[in-house]
Amino acid sequence: MNNESMITTNTKKAIQAAKNEDYIVSIVTGRPNRISENFYDDLSLDTPMINFNGSLGILPHSKWEREYEYVIDKDIVMDLLEKSKLLGITLLAVEGKQLFLASRAAKDGFGFFPSSLRTTEVLNQKSLKENVDNPITITVELVPEMKQAFINYVNQQFGDLVEVSPWGGPHPIVEVATKGIKKVTGVKRLADYYGVLQKDIIAFGDEANDHTMIDYAGLGVAMKNAIPSIKGVANDVTKYTNEQDGVARYMQEKLDIAVGI
């Protein structure tokens, strides 16, 4: 995606050209399925998609016999809810394949979460107990100076079950997910499903949550605008940024597909 969170025409053309040459194209993302299936449809994909940084694998709009999810016990959410003020939590949201609850609406411009909530989406002890699903992830916005104290608390209390990953960007936000589950978890499942060897996997990424995937792929490619640690672990770096159709141009050159950029 470019900086406006849009998939450009050239990127669509490149992915379609790759599919026409029998490459298997899949989305592996930190986003929940509720805000990634639109991109999946925009690209006309028919492969399984990996969400929540490897914690959910689904085939959108259909049933995948190897669908999977890693969930978090509700008791952890209950504990954080009870201690919200003490831990400096200003927003707490839980998500799953068909679950979204938040303690309050997000501020305008926040991006990932709604700026208004339906009554059925308000997170509290009652709504959490009534919902049949355990969450896949817990996302927490914090008072900035309390961020490290929150991370320390979760690690001390629940570190054998979950791990905390701070978001990139300006917001003091952390994500709590099942311990040991990363994007590479989903990549390995896709490779096993399709019978693709590790050496034949190509992965593109730019942020910290891409590290395990880029490191594992036979050809791990960092975007020109990627953070330094991702460039450090990658096998190659695109010549162009996400604003310059970096993925599409790289695919056209390296995969020998006709895109016409």
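Limited to segment 180-201, what total is found for residues that are among the basic types (Lys, Arg), over 12 Å from the mean Cα position of the chain (by Cα) and either surrounded by 13 or more Cβ atoms within 10 Å (Cβ to Cβ) or within 14 Å of VAL25 (Cβ to Cβ) (or both)? Explain how you work it out, then say what you get.
As a first pass, look at segment 180-201 and keep what is among the basic types (Lys, Arg): 182-183, 188-189, 199.
Cutting the leftovers down to over 12 Å from the mean Cα position of the chain (by Cα) gives us 188-189, 199.
Filter once more, so that each one left must be either surrounded by 13 or more Cβ atoms within 10 Å (Cβ to Cβ) or within 14 Å of VAL25 (Cβ to Cβ) (or both): 188-189.
Final tally of qualifying residues: 2.
Here segment 7-29 is the region considered, the condition is being part of a loop (DSSP other than H, G, I, E, B) and modelled with pLDDT of 95 or more, and the residue that is surrounded by the fewest Cβ atoms within 10 Å (Cβ to Cβ) is TYR23. Select from segment 37-53 the residues that are in a helix (DSSP H, G or I) and of a type in the set (S, T, N, Q) and write down the one among them that is nearest to the chain's Cα centre (by Cα). Among those residues, the one meeting the criterion is ASN53. So is LYS85 part of a loop (DSSP other than H, G, I, E, B) and either in contact with an Asp or Glu (Cβ under 8 Å, 6 or more places away or on another chain) or over 20 Å from LEU56 (Cα atoms) (or both) or not? Answer is no for this residue.
Restricting GLU141, GLU130, GLU145, GLU82 to residues that are within 21 Å of the chain's Cα centre (by Cα) and among the acidic types (Asp, Glu) narrows the list to GLU141. Looking across segment 216-237, the residues that are in a helix (DSSP H, G or I) and either surrounded by fewer than 17 Cβ atoms within 10 Å (Cβ to Cβ) or without any contact (Cβ under 8 Å) to a residue 24 or more places away in the chain (or both) come down to PRO228, SER229, LYS231, GLY232, VAL233.
Here TYR240 meets the list (1) of a type in the set (Ser, Thr, Tyr); (2) over 21 Å from the mean Cα position of the chain (by Cα); (3) assigned to a helix (DSSP H, G or I) almost entirely, failing just condition (3).
Take the residues in segment 89-109 that are assigned to a loop (DSSP other than H, G, I, E, B) and more than 25 Å from ILE58 (Cβ to Cβ), then tell me which one is modelled with the lowest pLDDT. Explain how you work it out, then say what you get.
Kept after step one, since they are assigned to a loop (DSSP other than H, G, I, E, B), are these residues of segment 89-109: 97-98, 103-109.
Subset that is more than 25 Å from ILE58 (Cβ to Cβ): 103-105, 107-109.
Values: SER103: 94, ARG104: 92, ALA105: 89, LYS107: 77, ASP108: 59, GLY109: 52.
Of everything passing the filter in segment 89-109, GLY109 is modelled with the lowest pLDDT.
For every residue, the table says whether it meets (1) among the polar types (S, T, N, Q); (2) crowded, with 19+ Cβ neighbours inside 10 Å.
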site: ASN33; (1), (2): yes, yes
site: GLU37; (1), (2): no, no
site: ASN51; (1), (2): yes, yes
site: GLY57; (1), (2): no, yes
site: HIS61; (1), (2): no, no
site: ARG66; (1), (2): no, no
site: SER84; (1), (2): yes, no
site: GLU95; (1), (2): no, yes
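Only one of PRO172, PRO228 is in contact with a Pro (Cβ under 7 Å, 6 or more places away or on another chain) and either modelled with pLDDT of 95 or more or of a type outside the set (D, E, K, R) (or both). Can you tell me which? Result: PRO172 is the single residue among PRO172, PRO228 that is in contact with a Pro (Cβ under 7 Å, 6 or more places away or on another chain) and either modelled with pLDDT of 95 or more or of a type outside the set (D, E, K, R) (or both). The residue of segment 137-173 that is surrounded by the most Cβ atoms within 10 Å (Cβ to Cβ), among those that are within 20 Å of PHE113 (Cβ to Cβ) and hydroxyl-bearing (Ser, Thr, Tyr), is THR137.
Residue-level analysis places SER62 among those that are among the polar types (S, T, N, Q) and farther than 30 Å from LYS126 by Cβ.
For the condition of a type in the set (Gly, Ala, Ser), assigned to a strand (DSSP E or B) and in contact with a helix residue (DSSP H, G or I) (Cβ under 6 Å, 6 or more places away or on another chain), ALA177 does not qualify. In segment 11-19, the count of residues that are touching a residue at least 12 places away in the same chain (Cβ under 8 Å), out of contact with any Lys or Arg (no Cβ under 7 Å at 6 or more places or on another chain) and closer than 28 Å to ASN134 by Cβ is zero.
The values are calculated or read from the model by the stated rules, or taken from the named source; none is laboratory data. Worth saying up front: this structure is predicted, and the values here are computed from it rather than measured. Glycine gets a Cβ as well: all are built from the backbone with ideal geometry, and neighbour counts include every protein chain shown.
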